[in-house]
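See below for the structure under consideration.
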């Protein structure tokens, strides 16, 4: 048995309840192997992976923080979206659960529209071939891509996006998103902190100051998408704007060509700063 003390936190992780490959139990086991003190389950628009992860962690750990990754509308006309991660969420918040259910309904409708477009192009897929690949009911383009590979329309997930599902491709359907301000208010009402996920991926650094003004709590400076130069720049930006610093690997298992769990982590001091902010936010939400 290893005698290494668990340290650090990976605060951006996905399970099979959205577009990850790990079960919650496997995610916890992987976190133990990487000697993480804390992890955040941040599936897209769903909280269902949190409870089984916490059950698997038990008293041995790691700490499992409840999170969700939200897609939000950008304030410009460029294609794509911003992602905001909510951390330390109240999983029993009725409003949060209702909003997430509505987001997942919209996801399923989007998949139906994508399949209609693909079928008109002669790329035949049935809804069940896609939905059966989702461990929960948070379904998205990655599940369509996996179905395209399984049926034999393409050889790789990358090819599925390059030929059919990427922005501007025949099977692409844009999502309708809430605004960043609406999403951050929802996160705060559920006692959580709102973090801009992998800002280097979205390419919208010009919006960080406005998001901070609108109530954003922090930036995911440490990310598998960021170079060392970007990490340093985002830490500097956070300090200048009075924002907290978060970080995570954005691990999807082997579903995406991304770094795996624990390859990106923040130290305990940054984790505790996020926790203290969440406690303050939760107290404010209770008084509202």
Handout entry: Per-selection Kirkwood Rh - the chain (Cα, Å, 1 d.p.)
Key = 19.3 Å
Handout entry: Nearest 10 degrees, 0 to 90: helix 24-33 Cα axis against the chain principal axis
Key = 50 degrees
Problem - Relative contact order (%) - the stretch 102-165, alpha-carbon pairs under 8 angstrom, separation at least six - result: 28 percent
Fill in the blank from the handout: 1/(1 + (r/R0)^6) with r = Cβ-Cβ of residue 227 and residue 155, R0 = 30 Å, i.e. FRET efficiency to nearest 0.05, evaluates to 0.50
Completion exercise
The whole-number value in µm²/s of the Stokes-Einstein translational diffusion coefficient for the stretch 1-100, with Rh from the Kirkwood sum over alpha carbon pairs at 25 °C and 0.890 mPa s, is 172 µm²/s
Problem - Mean Cα-pair separation over length for the chain, i.e. relative contact order, pairs under 8 Å, 6 or more apart, % - result: 22 percent
Problem - Relative contact order (percent, whole number), the stretch 115-250, Cα cutoff 8 Å, 6+ residue spacing - result: 15 percent
Exercise for the section: Between residue 75 and residue 162, with labels modelled 7 Å along Cα→Cβ, what's the label distance in nm to one decimal, could you check? Expected result: 3.6 nm
Handout entry: Label-to-label distance, nm, for residues given as residue 209 and residue 286 (7 Å Cα→Cβ offset)
Key = 3.7 nm
Exercise for the section: Give me the Kirkwood hydrodynamic radius of the stretch 102-165, using the inverse of the mean 1/r over all pairs of distinct Cα atoms, in Å to one decimal. Expected result: 11.6 Å
Exercise for the section: Quick one: plug the Kirkwood hydrodynamic radius of the stretch 182-288 (C-alpha pairs) into Stokes-Einstein at 20 °C, 1.002 mPa s, and report D in µm²/s. Expected result: 149 µm²/s
Completion exercise
residue 116 and residue 175 label points (each 7 Å along its Cα→Cβ direction) are spaced in nm at 2.0 nm
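Since every read-out is calculated from the coordinates, none of them should be taken as a lab result. This one's a predicted model, so the numbers in the text were calculated from it and none came from an experiment. So basically every Cβ, Gly included, is an ideal-geometry build from the backbone, and we count neighbours across all protein chains shown.
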